[in-house]
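Structure, as structure tokens:
The values are calculated or read from the model by the stated rules, or taken from the named source; none is laboratory data. Since the structure is predicted, the reported quantities are computational estimates derived from the model, not experimental observations. Using ideal geometry, Cβ is built from the backbone for each residue, glycine included, and neighbour counts are taken over all protein chains shown. Quick note on the areas: whole protein, heavy atoms, side chains included, nothing else; ligands and nucleic acids left out. Shrake-Rupley method; radii C 1.70, N 1.55, O 1.52, S 1.80 Å.
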Amino acid sequence: MTDTFVIAGAGFAGAKAAEALREEGFDGRIVLIGAEHDRPYERPPLSKDYLRGDVERETIYVHPEGFYVEHDVELQAGRRAVELDLARRELVLDDGESLRYDRLLLATGAEPRRLSISGSELDGVLYLRSVTDCDALRERLDRGGSLVVVGGGWIGSEVAACARTRGLDVTVLDPQTVPLERVLGHEVGAAYRDIHLDHGVRMRPGTAVAAFEGADSVERVRTSAGDTIDCDFVVVGVGVRPCIELAERAGIAVGDGILVDERLESSVPGVFAAGDVANAHHPFYGERVRVEHWNNALHQGPTAALNMLDRAVAYDALQYFFSDQYETGMEYTGLARTWDRVVFRGDPASREFIAFWLTGDRVVAGMNFNVWDVSETIQQLIRSRAEVDDAQLADPGVPLGALVPEAEGRVA
Ligand SMILES: Cc1cc2nc3c(=O)[nH]c(=O)nc-3n(C[C@H](O)[C@H](O)[C@H](O)COP(=O)(O)OP(=O)(O)OC[C@H]3O[C@@H](n4cnc5c(N)ncnc54)[C@H](O)[C@@H]3O)c2cc1C
């Protein structure tokens, strides 16, 4: 009898895991269970070109339509896994069907944190995670008017940029002093603030939402400062929470995500987790990391697949993500939860620069902003743990590669 590998969650991580299983020659049964009614798609375009209406829907999918049939992957879209019976090795679906598995991958991703303040239930208070959410938001953008964005994180900032590009009146409410402050700190966040201001976004730093008001639909937002902002609709982007319920109820170790080792295996042998839901021991950092980014799902899915096939592969990729807002683009490499200082190569005001986050004399993260083809070198610099001189780091005349020790196989 052939083995059955079940993947719960048909997002990016789940779809890439199924692809990798076939690429690696697994010839057993693969069942990919997805709560959404669509085939797996990528989410970054939902706050960028797809949201603006600049690309066709077909461009967002992970695979062409025929892929799953051609590769004998049983994609079961529109079905939710509701229980996990570890003793019987069965996943129970929402219609009561039980699926026996030999190996299980939990790739259930994350979902937006929801506000529960007065008026949260009003029509026009929107969140953005799925393509269905995005289509609803697109329709609002088409109608024009005034938008209040709650939260100056990545989703809030990108939605604000799309809405301004479409000509809407946009206000961003954010308890932080600048957008993206939690991840990037004040100095780099200030560069994003200035870009939004230049494009006519009204920024309300240090201001939280207190309530949504309106008859049936939201008409205004009451702020923590006590004033109100009239609007036609609201987008809330206040972070996500990992979808751990299946694992938690079954007794698998969870915390902020499903706790997995460096091979992405959970506390229960044969059950793996990948993508936004996985809180994985990271060999480079020597601690657990949960990452909510596209690149992590892209690589963790296949790594989990290899380990489902007993290949014993550690996942040690450094975090990498990107963002596009207006005419600017950036890539961020590494992880800076705390840092001592930020060193700039180039002037942030010029909107072409690289920022480095340092702990002691070591670079722990770097962000290239409208500067390209350097993220691989930044990654080598972080991995090398080399001590660097601030002046050299800041000097555009010193090739970045020259700061990477020879042993790291540096690129120029
Ligand atoms: C609007 C938006 C823009 C983004 N932009 C960027 C970007 O620019 N750069 C970047 O690096 N990252 C970006 N991200 C983050 C990136 O998309 C995520 O990190 C990535 O989608 C994670 O993939 P995943 O497969 O782990 O989870 P998900 O994409 O969340 O997929 C999980 C899937 O599992 C399903 N599921 C959950 N529970 C169950 C269940 N019990 N049974 C069956 N199915 C279930 C969910 O419905 C979902 O379809 C963005 C995210 C969003 C929402």
Self-check item: Long-range tail of P(r) for the chain (Cα pairs > 33 Å, %)
Solution: 39
Practice problem: Could you please report the charge total around D389, scoring K, R as +1 and D, E as -1 over all other residues with beta-carbon less than 14 angstrom from its beta-carbon? | Solution: -1
Quiz item: In whole angstrom, and with the biggest value first, how far do the Cα coordinates of the range 109-171 range along each principal axis?
Solution: 29, 28, 22
Self-check item: For the range 60-114, projected area of the alpha-carbon convex hull averaged over all directions, nm²
Solution: 5.7
Self-check item: Helical mean residue ellipticity (222 nm; -39500 (n - 2.57) per DSSP H run of 4+; nearest 500) of the chain
Solution: -7000 deg cm²/dmol
Exercise. For the range 111-265, state the average projected area of the convex hull of the C-alpha atoms over all orientations, rounded to one decimal in nm².
Key: 11.0
Quiz item: How much length is gained if the chain between T59 and D72 is pulled fully straight, taking 0.36 nm per residue apart and subtracting their Cα-Cα distance, in nm to one decimal?
Solution: 2.4 nm
Quiz prompt | In Å², nearest 10: area of L84 left accessible to a 1.4 Å probe | solution = 10
Practice problem: Summarise the accessible area of the range 91-174 (1.4 Å probe, protein heavy atoms) by the percent that is carbon and sulfur. | Solution: 43
Self-check item: Placed amide H near V235: partners under 5 Å, 5+ positions off or other chain
Solution: L126, V148, V149, V150
Quiz item: Over the chain, what is the percentage of antiparallel beta bridges among all DSSP beta bridges, to the nearest 5?
Solution: 60
Quiz item: From the Cα gyration tensor of the range 342-382, with a ≥ b ≥ c the square roots of its eigenvalues, which class applies: rounded if a/c is under 1.5, or else prolate if a/b is larger than b/c, or else oblate?
Solution: oblate
Exercise. Compute the relative contact order of the chain as a whole-number percentage, counting only Cα pairs closer than 8 Å that sit 6 or more residues apart in sequence.
Key: 14
Practice problem: Would you grab the residues whose amide H sits under 5 Å from the one on V364? Only those 5+ places off in sequence or on another chain, please, with H modelled 1.01 Å from N. | Solution: W357, L358, T359
Quiz item: Using the eigenvalues of the Cα gyration tensor, what equivalent ellipsoid semi-axes result for the range 186-294 when each is taken as the square root of five times the eigenvalue, whole Å, largest first?
Solution: 39, 20, 11
Quiz item: How far apart, in nm, are two points set 7 Å out from the Cα along the Cα-to-Cβ line at D390 and at R182?
Solution: 2.8
Quiz item: Near the amide H of E83, under 5 Å away, which other amide H atoms are found, from residues 5 or more places off or on another chain, if H is placed in the peptide plane?
Solution: V92
Quiz item: What figure in square angstrom, to the nearest 10, would you give for the accessible area of E262 with a 1.4 Å probe?
Solution: 70
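Quick check: from the Cα gyration tensor, does the range 233-298 come out rounded (a/c under 1.5), prolate or oblate?
Taking the square roots of the gyration eigenvalues as a ≥ b ≥ c, the range 233-298 is oblate.
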Quiz item: Ignoring ligands, DNA and RNA, how do M308, M203 rank by accessible area with a 1.4 Å probe, largest first?
Solution: M203, M308
Exercise. Within the set of other residues whose C-beta is less than 12 Å from the C-beta of E90, count the net charge using Lys and Arg as +1 and Asp and Glu as -1.
Key: -1
Quiz item: Could you state the principal axis extents of the C-alpha atoms in the range 282-406, from the largest down, to the nearest angstrom?
Solution: 48, 35, 26
Quiz item: Largest first, what is the accessible-area ranking of T59, T333 with a 1.4 Å probe?
Solution: T59, T333
Quiz item: Say each of N370 and A136 gets a label point 7 Å from the Cα, pointing the same way as Cα to Cβ; how far apart are those two points in nm?
Solution: 3.6
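Please report Rg over Rh for the range 11-119, where both radii come from the alpha carbon positions and Rh follows the Kirkwood definition.
Rounded to two decimals, Rg over Rh is 1.03.
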